[in-house]
Amino acid sequence: MKKILFLFSILVSSSALADTAYDLYMSGNKAEGIAKWQDEANKGNSSAKYVIGMLYNDSAQLGLCEIQDFCVFKKFSNYRKAKKIFEELYNEESDPRAAYALAEYYDDHPLIITNYKKAAQLYLFAAERGVPEAQYNIANMYERGEGVKKDLVQSVRWYLQCNVSSLCAAGQEGIDDLIVQLTDEEFDYAKSSVDHEIKDVDIRITVGR
C-alpha cells in the first residue's frame, strides 16, 4: 500500500543558546527539552502534548529509553502511552494531528490489529481539517477500497486536495490513470470539491517550537 506514514525525523543542532523545549531537545539536551514540553502539556498546551506523544511513539529509535517511561523494558517504544496521549487529544480536543497518528496505529501497525475501516475514518477526519498526509492516505484508500467503498471520484478529489498543499503539490499528472476513468461530470465534481481555503496542518516535531 503506497502510504505516507507517520515518520519522525530530526536534525540535531549544537546551539549553545537553547532555551525553549524545542531548542533544548534539538541541541541534544533531550531530557531537559522533554521536561519542558511535559510542563507545557500539563498547562494545556496541545502542541506540547502532541510532541510528547510523538516522542513516546518513536522513543526507541530516538534513544530515549533511559528517560522516564519512554520505553518498555528499556528497549521498545512505549506505543501504549503514545496511543493514550493521541486518544486524549483526539477525543477531548478533536486534534487532527492526533487523529492522523491514531489512524496509523490501525493501518498496518506491527503491534496493533489492523482495522482499515477505523483508519479510514480517522484519516478522513484529519484530511478534512488540513493534514496533507491524511489527504493522501484517504485518497489511496478510496482508490483501493480499503476501509471504505472503492470510489475513484473521492480518490481523485482527495489527491487533488493534497496537491494544493506543499506535500503533494505535483499537479494532476500523477493521477492521470485515475482521471481517465472518470466521466467529465465526475471529474468536474472532484475538482469542485477541493477546498483551497484549508490551511495545512503540520504533524512534525516543529509544532513544538
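Results, tabulated for the structure shown:
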quantity	calculated
Gyration tensor verdict on segment 69-124 (Cα atoms; rounded if a/c is under 1.5, prolate if a/b is larger than b/c, oblate otherwise)	oblate
Over the chain, relative contact order from alpha-carbon pairs under 8 Å, at least 6 apart, %	17
Residues in segment 183-209 reached by a label modelled at THR20 [backbone nitrogen below 18 Å; 7 Å Cα→Cβ]	201-209
Ranked packing of 106-113, 195-202, most packed first, by mean Cβ within 10 Å	106-113, 195-202
For segment 39-82: relative contact order, % (alpha-carbon pairs under 8 angstrom, 6 or more apart)	33
Disulfide-incompatible cysteines by the Cβ rule (no partner under 4.7 Å) in the chain	none
Mean separation of Cα contacts under 8 Å, 6 or more apart, over the residue count of segment 96-209: relative contact order %	23
Residue of ALA127, ALA101, ALA48 that the Gaussian network model of the chain assigns the largest fluctuation, springs spanning Cα pairs under 10 Å	ALA48
Cα centroid separation - segment 184-199 against segment 65-99, whole Å	35
Distance (nanometres) between label positions extended 7 Å along Cα→Cβ at ILE112 and ILE67	2.2
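Just so you know, all these numbers are worked out from the coordinates, no wet-lab data involved. Computed from a prediction, not measured in an experiment: that's the story for all the values here. Reconstructed Cβ throughout: ideal geometry from the backbone, glycine too, with neighbour counts over all protein chains shown.
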